[in-house]
Each structure stands twice: as structure tokens, then as C-alpha cells.
Amino acid sequence: SSKPRYIETRTDGPVGFIELNRPEVLNALNRVMVAEILASMEEFDRNDTIKVIVLSGKGRCFAAGADIDEMAEADSVEMELLNQFTDWDRLSWIKKPIIGAVHGFALGGAFELALCCDLLFAAEDAEFGFPEVLLGIMPGAGGTVRLTKLAGKTKAMEWLFTGKRILAKEARDFGIVNQLFAKEALMEETARYAHQLAKMPPLSVRYIKESVLKAVDASIYEGMQFERKNFSLLFSSADQKEGMRAFMEKRKANFKGR
Ligand code: CO8
């Protein structure tokens, strides 16, 4: 595949890194960039050696949102025909855990991208928000849905009506962010965590991710039926046999992802 223009990717053992790389406009997400993010996520997802994906931004911030220049003159028929959000739908089919690392701004579409991550780490200077309302629009890539599911209707309305920024500590207190780090330590700590997570039995992690995402969306009954199937399925993996044998033999398990 040809070299992406707006992102940079690299791997370090079992961890695949994707960095938004358009710092001169604060990593504003244009459509090509979103397509590149998706293509690289799918490539990492297919790559057997990669167990965890890390998403971050180069320069001053994670990203200041969708590229406003690109959509300023659009009309609604154009927007409809673009069907740009199919890329975002594909994002929810990525099976491996995605860790977002946010420093500085994560606004608009970039906040939506952060909300698609399975775990979110942030620097103490991180600021999240949906400023769409100030542009006379609203979120379109899941913002009203994911923020409401995560933080509840009360705060979601407040934040979305005004575009008010959510500072790092508040984001952590509302469960939007898993953990905060000093700005200088964010990438190192995120990488360390990703490598630890990569040592977990990959099939367990995969089905846990699927089941949790299902639970966000489904009734308790439906979620539990789904969980039960995944639970049973893990009993035909070699890692289940290895994990339980290792426990009984009082040794460390050696997981293979099969
Ligand atoms: N789009 C295009 N260019 C941008 C964007 C953006 N979202 N954000 C910043 N830039 C550009 C600026 O125009 C500026 O360019 P130049 O140097 O050529 O003038 C450069 O980046 C640096 O930005 P500033 O000079 O503005 O930097 P400041 O530190 O003064 O301000 C802010 C930083 C507060 C983040 C400010 O840049 C800002 O308010 N940006 C826009 C934030 C915003 O409104 N985001 C939401 C966009 S709408 C959206 O995301 C809709 C999502 C729905 C679909 C998702 C599909 C991907």
C-alpha cells in the first residue's frame, strides 16, 4: 500500500502505533486522513503479530476536529452522497483493543475518534469538547450517542449545547478517560500499558472487547446471551487449556493467541 499522507504508522513488537500527522492545522481530520486511519487500523487488525493499537496525535494536540475548510461550502445532499461515516462504522469492527492517547485538544470529530477507543489515556493538559454548536452544526460521527451513553444525558446536553470544554480531570471523573499522566510521560506510559496488554491472552481480550461493546448497545438479556456464547467459545482455544493447566501446575502461562 502507498505511504499515507496525513498519518504516520510504526510497530514496536506487538504494538501498532498510528499518529495523526497534520500538525500545521492541529491535525484537522480531512476525509483522506480518516480513510488512512481506517486502512491502517484494518491492516494492524489483520496482522497476526500486532495485539494492541495505539492512536495519538503529533504536534500541539491530538486533533482539533474535522477539517472545517473541507466542509464549509457543502450542502446536505453532498453530505448525504459522500456517505463519509461508513469509515466510522468500519472503526467499530476493529477487533483488537485500541488505546487512545490524548494531549492538548480533542475536539469535535477528534473527540468522537477518542470516544471510539477502548481505553483512553490523557495528558494533564488535555481538553475535550464538542464545539460543533458554535459552527451552527452538531456532531455527526457518534458524538451525541457515545457521550450520552458514557456520561449520561444531563452532562451530555450541557456540554453539547454550549461547546464547553471538558478539562482532563473532569474527563477522568466522568469516566471518559481511564488515566491521566504528565504530558511528558503520556506516550511512554501508554506504550508501557500497551505492551502489558499485549501479553494478555488475545482471544480473551478480543471476546471481552466484543462483549463489552455489545453490552453498551443491548439489553441485559441480549448482552448476557452474547456473553455466554463467547464464554463457551473460549473453551475450544489452546490458551484456555494452557491458562488453566498453568494455574494447576503453579507456573506462568504461555499464551499463543490460538
Ligand atoms: N479545521 C481546519 N483548520 C483548523 C481546525 C479545523 N478543525 N482547527 C485548527 N485549524 C487550523 C487553524 O485554522 C490554523 O490555521 P492557520 O495557521 O492557517 O490559520 C491552525 O490550525 C492553528 O490553529 P489556531 O491558530 O486556531 O490555534 P489556536 O491555538 O489559536 O486555537 C483551537 C486552537 C481553539 C483548537 C482553534 O484552532 C479552534 O477552535 N479550532 C476549531 C475547533 C472546532 O471547531 N472543531 C470542530 C470542527 S467540526 C467537527 O469536528 C464535526 C465533526 C463531524 C464529522 C466528523 C468527520 C471527521
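A short reminder: the numbers here are calculations on the coordinates, not readings from a lab. These numbers come from a predicted model, not from an experiment. Every residue, glycine among them, receives a Cβ derived from its backbone with ideal geometry; neighbour counts consider all protein chains shown.
Below is a table of values for the structure above.
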{"read-out": "Binned Cα-Cα distance frequencies in the stretch 118-170 - 5 Å width, integer %", "value": "4, 19, 28, 28, 17, 4, 0"}
{"read-out": "Kirkwood-type radius of the chain, with distances r between different C-alpha atoms, in Å", "value": "19.4"}
{"read-out": "In nm, spacing of pseudo-spin labels at residue 185 and residue 249 (7 Å Cα→C-beta vector)", "value": "3.8"}
{"read-out": "For residue 105, residues with placed amide H under 5 Å, excluding near neighbours", "value": "62, 63, 127"}
{"read-out": "Choice from 109, 163, 223 with maximal GNM fluctuation in the chain (Cα, 10 Å cutoff)", "value": "223"}
{"read-out": "Counting DSSP beta bridges with both ends in the stretch 1-104, the antiparallel % (nearest 5)", "value": "40"}
{"read-out": "Most to least packed among 170-183, 46-59, 71-84, 226-239 [average Cβ atoms within 10 Å]", "value": "46-59, 170-183, 226-239, 71-84"}
{"read-out": "HN-Hα J in Hz across the stretch 162-172 - Karplus 6.51, -1.76, 1.60, θ = phi - 60°, x for Gly and Pro", "value": "10, x, 4, 6, 9, 6, 3, 5, 5, 4, 5"}
{"read-out": "Virtual spin-label span in nm between residue 76 and residue 232, 7 Å along Cα→Cβ", "value": "4.7"}
{"read-out": "Counting DSSP beta bridges with both ends in the chain, the antiparallel % (nearest 5)", "value": "30"}
{"read-out": "Per-peptide average of other Cβ atoms within 10 Å, ordering 195-203, 114-122 highest first", "value": "114-122, 195-203"}
